[in-house]
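A short worksheet on the structure shown next.
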Amino acid sequence: MTVLMGYCDRWSARPGDTVRFMVSSRGAPRYEARLVRLKQPSAGPLATPFAPEPVAAPCNGSYPARWQSIPIGSFVAVPAHPAIARLEGFTVSVRVWPTTPGRGRQALLGTWCEEASTGWALMLDENGAPALRIGAGPGKVAEVATGVPLRARRWYHVRASFDPATGRLAVGQEPLESKGFDLERAVERSLSTSLRPGGGPAPLLMAAARAGRADGPSAWGGIGTSLHFNGRLDRPRLAAGVLDPAAVAALAADPPPKGLAECLVGVWDFSIGIPTETVHDRGPHRLHGAAVNLPTRAVPGHNWDGSVVDWTRDPSQYGAIHFHDDDLVDACWEPDFAFTVPADLRSGVYAAHLVAGEAEFWVPFFVCPPRGTARSPAAFLASTATYTVYLNNRGRFASLATELYQGRLLTLDRIDMLLLEHPEMGLSTYDRHSDGSGVAYSSRHRPVINFRPTGRHWNFNLDLFIVDWLEHLGGDYDVITEEQLHEEGLELLAPYRVVITGSHPEYDSAEMLDAFEAYLRRGGRLMYMGGNGFYWRIAHHPTRPGVIEVRRAEGGVRAWDAEPGESYHAFTGEYGGLWRRNGRAPQRLVGVGFISQGFDACSYYRRTEAAADPRVSWMFEGIEGEILGDFGILQGGAAGLEIDAVDPKLGTPPHALVVARSENHSNTYELVAEEVLIPHGSTDATINRDIHADITFFETPGGGAVWSTGSIAYAGSLSWNGFDNDIARLTTNVLRRFADPTPFPFPPG
């Protein structure tokens, strides 16, 4: 069977920018690449026919297929150094918090090369017991283990030494915490060998071992890795010679005493540079390393006592890094072809369509106007932050709840199956790592299966219904992106009279919200075209565009919750979780906020008395009847999936008008967790009148306005009956008035 996948190095491109495309394929000798402009999703016979527009480009053509592997798994790499290479005898010490002991051998620290069986390594053996291994080549390996497996999610002090004079290998473990009456004891084991570590100068790795030269893309220095460790390491130490027990205890101190200065080789302190990918050594040789594939930082170390929960207040209690065998920040593929955006190419949603035999793959990107300019009064804001955190959402396939939520069998296509067949494509922040911990980071620098115009209608695919509507109106719109919004702020929005969001702008940074608020204060108009928006706070990586952090703290509808003491972002030090918990509930910005979700069926809206208010009379021109949106491609209605409602307590402006309100939702629609203080049996839509979607409008003091649909499913009703329907008419009326430069008068009182 032919396998085909790819990604590009940038999602947001302006005239003159070059987009590079990385492709991997096997099963066919060549693949075809064609650039297209996406004008609608592939949504079946009830929707606009799927017709991507071909784009003439020099990169269109046939390319030889090649397979590029993905170097998954995180670790720390310290470059080879004479201070490490000249070691004959040594003592190594580290605090260890394992999460999958007993799941095969896992490297903790050393120069070991699995392919050559050379070097040395402190590791966990197949049973999860600490072991020290040395090797001089194939068949020339010695190992000593404590024989007592470490227990998951407990801190231990693990140490080992090698004495070249006697050939003695020694390893020990000491529990640093006890739970209840289950007390553990310190263990020491040793043996003698005539072997000596071989292999010559080599890098020192933490949480993985070298597997030899990489046969494909490598995350660091062309070296392949294996024996990845799941869990946390804290305060690794390396000293020359064999230290006595008192000196070993002193070596583990923070900082080690001056009396050990002559024998110190490495004193790594993970509490320094937490927002970065640099691992700092406070020892005499400054053997700084690189944290590869973005292991999780800003997590409590062995000495965390709960007195602080903000790592920026006392980084010394956050001297640990959590490594995972399925971490991935960059697939590191070589580019196959590139496209430089011409000056005359219209702004829009584009993609490279890849085809090899029966296999196809889509690699979308966005063409935006030159910085600081606008080619239209209206801009569609692509939800690139939300797209990123959902990339390769495996939970949809793996969770037993998916079919229960939707009331139907799960459907998969060939592109969906790629993720199951190639788990090295990485995870979304809706997944858990293989050790059960939540995924806090997501990156777009890898192939992804759910960022395409085909398949399930969610996020990007669903947003193309909005693009389809804009194309139906004549195509007078620009496309801009949230990653640009984070970087450029108000400057990005200022040239536009109206900004149109996607169907699910769920994830926002402080910079993004600041830009929205500033835009509205100066008279901008915002059309919030979805539901469950402006919900989670995120942080962008300080040096890697397209990498986002999520800390799911304190409530919210979530696939996992943050561990104690882990609610502050590593990238920025900001408190994570819901924007509501950060004092910036979405009701303050757009009038409505998340109230419920359900995936079995969608419903409709009913016009309210407020719809007759003269302030909004223009909104309902050409619309008759009270019922709106009792149709749609997404489960039969415009109101559903995830829905928002007004709440004055959380910031809905007092002059906001709810012009239509949904009704008749099923009992699968329940109040979101943050609305339930005490479970009391009245949380579903059949008995709780708070559960509804609100179409809301209000003016802003600068002559601008906000209009919100309050429903993710809304976009799926726009194209119904060839756009001849009340939802399309209502939305078009709003867009035309919002694009009109006439200021909205602020209501008196």
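The values are calculated or read from the model by the stated rules, or taken from the named source; none is laboratory data. Not measured: the values here are computed from a predicted model. So basically every Cβ, Gly included, is an ideal-geometry build from the backbone, and we count neighbours across all protein chains shown. Please note that ligands, DNA and RNA were not included when accessible areas were found on the heavy atoms of the full protein model with its side chains. Shrake-Rupley method; radii C 1.70, N 1.55, O 1.52, S 1.80 Å.
Tabulated data
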{"item": "Sulfur and carbon atoms: percent of accessible area, region 487-577 [1.4 Å]", "result": "45 percent"}
{"item": "Per residue solvent-accessible surface (Å²) - region 400-503, probe of 1.4 Å", "result": "33 Å²"}
{"item": "Stretch gain in nm, segment residue 736-residue 258, where the contour uses 0.36 nm per residue and the Cα spacing is subtracted", "result": "164.7 nm"}
{"item": "Inter-probe distance in nm under a simple model that places probes 7 Å from Cα toward Cβ, at residue 355 and residue 664", "result": "4.3 nm"}
{"item": "Hits among aspartates and glutamates - C-alpha to C-alpha of residue 258 under 19 Å, sequence gap 8 or more where chains match", "result": "244, 269, 281"}
{"item": "Contour excess over end-to-end distance, with Cα ends at residue 649 and residue 310 and 0.36 nm allotted per residue", "result": "119.2 nm"}
{"item": "Residue-averaged [θ]222 nm for the chain, counting only DSSP H segments that reach four residues, each worth -39500 (n - 2.57)", "result": "-3000 deg cm²/dmol"}
{"item": "Zone residues, region 274-291, relative to residue 218, backbone N less than 16 Å from point 7 Å out along Cα-to-Cβ", "result": "290-291"}
{"item": "Label-to-label distance, nm, for residues given as residue 53 and residue 421 (7 Å Cα→Cβ offset)", "result": "3.4 nm"}
{"item": "Share of carbon and sulfur in the accessible heavy-atom surface of region 75-323 [1.4 Å probe, %]", "result": "51 percent"}
{"item": "Potential lengthening between residue 192 and residue 18 on full extension [0.36 nm per residue; Cα-Cα distance subtracted]", "result": "56.7 nm"}
{"item": "Pairwise FRET efficiency - residue 288 versus residue 165, Cβ, R0 = 41 Å, nearest 0.05", "result": "0.85"}
{"item": "Accessible area of region 681-749 divided out per residue, in Å², using a probe of 1.4 angstrom", "result": "36 Å²"}
{"item": "Using a Förster distance of 51 Å, the FRET efficiency for residue 408-residue 522 (Cβ separation, nearest 0.05)", "result": "0.65"}
{"item": "Among (i) 169; (ii) 187; (iii) 267, the entry derived from the coordinates for volume of the Cα convex hull per residue in Å³", "result": "(i)"}
{"item": "For region 75-323: accessible area per residue (Å², 1.4 Å)", "result": "38 Å²"}
{"item": "Principal-axis tilt of helix 510-521 within the chain, Cα atoms, nearest 10 degrees", "result": "20 degrees"}
{"item": "Simple label model, 7 Å out from Cα along Cβ direction - residue 721 to residue 543, nm", "result": "5.8 nm"}
